[in-house]
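The values are calculated or read from the model by the stated rules, or taken from the named source; none is laboratory data. Values in this document were obtained by computation on a predicted structure and should not be read as measured data. All Cβ positions, glycine included, derive from the backbone under ideal geometry; neighbour counts span all protein chains shown.
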Amino acid sequence: MRLLPCNLGAAAALVLTVAISAGAQEISSSSSQPNEQQGVDPNEHQGVDRVKFVTGAAVAFLEHEGDHVLFDVIFDAHPYLKSIRFGAIPFFAVAHDLLSPRREFIVSSAGFWTQEATSEWLLSRRPDFRHEHAPFETGAFAFDILTSVGYAAVAMVRAGPVERDTRSMAVAIGVDERVIGALVLTPALLDAYRYFSPETRWAAWTSRLVKLGSAALVLKQTSSPRQ
């Protein structure tokens, strides 16, 4: 049996806290002036926007975890929840039956692929949404970027529970976990740059190429006898 972690509770809470702070500042600056001109209480609208922001982040979280489970079901791996610990802090994980290395890599990568695809869709469809009133989209985007950065940081120092996604990906295809960390971090940083500089074409195409390259690792052979 091999474990696949859900986004760890404390890490998700940290991501949401940072994201909410950043989103609240942007939402406040973009919405307070029009509301004041219309004679509407800006605090009421900012409160609604913050709820939308958190909802966007929560939906992104569910998408990340849902894709892990989806591929577990596709591969008939019988997913179920199991408790794990990170030091003294309890978490939970999605466990499944033993899979071939290639399928293990797909299941472990699924959350990142969803994040990258969602960010790509949003940045391509609404490249300048930073200057639009889009609290839900901003929340989802912030969660995707910050979660990738968090996972990459853990991968670089090879810390945390052994069931973490980046380690499972690395073991499945026989590479150093720091390589996976770099592949997760690079498109996240490029997409964050695109958020602030939507006119930059090199960042868009470089991000897309790295995402495709990461997905292409599913074709990499491993030394394991189970393929």
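Taking S207 as the residue in question, decide whether it is within 19 Å of the chain's Cα centre (by Cα), modelled with pLDDT under 95, polar (S, T, N, Q) and not in a loop (DSSP other than H, G, I, E, B). Reasoning before the result, please.
Working: within 19 Å of the chain's Cα centre (by Cα): yes; modelled with pLDDT under 95: no; polar (S, T, N, Q): yes; not in a loop (DSSP other than H, G, I, E, B): yes.
Spelling it out, it is not the case that S207 is within 19 Å of the chain's Cα centre (by Cα), modelled with pLDDT under 95, polar (S, T, N, Q) and not in a loop (DSSP other than H, G, I, E, B).
Hey, can you tell me all the residues within region 185-200 that are small (G, A, S) and assigned to a helix (DSSP H, G or I)?
The answer is A188, A192.
Name the one entry in G150, G139, G160, G111 that is under 24 Å from A57 (Cα atoms), in a loop (DSSP other than H, G, I, E, B) and either touching a residue at least 12 places away in the same chain (Cβ under 8 Å) or in contact with a strand residue (DSSP E or B) (Cβ under 7 Å, 6 or more places away or on another chain) (or both).
Among G150, G139, G160, G111, only G160 is under 24 Å from A57 (Cα atoms), in a loop (DSSP other than H, G, I, E, B) and either touching a residue at least 12 places away in the same chain (Cβ under 8 Å) or in contact with a strand residue (DSSP E or B) (Cβ under 7 Å, 6 or more places away or on another chain) (or both).
Identify, please: which residue in region 171-201 is at pLDDT 95 or above and acidic (D, E) and is, among those, surrounded by the most Cβ atoms within 10 Å (Cβ to Cβ)?
D191
Please find, among S119, S168, the residue that is under 30 Å from K220 (Cα atoms) and at pLDDT below 95. Write out each step before concluding.
Details: S119 fails: at pLDDT below 95.
Result of the check over S119, S168: S168.
Filter region 55-78 for residues that are over 16 Å from Q115 (Cα atoms) and surrounded by 19 or more Cβ atoms within 10 Å (Cβ to Cβ); which is modelled with the lowest pLDDT? Explain how you work it out, then say what you get.
Taking region 55-78 as the starting set, the residues that turn out to be over 16 Å from Q115 (Cα atoms) are 72-78.
Remaining after also requiring surrounded by 19 or more Cβ atoms within 10 Å (Cβ to Cβ): 72, 77.
Working: D72: 91, A77: 85.
The extreme case among them is A77.
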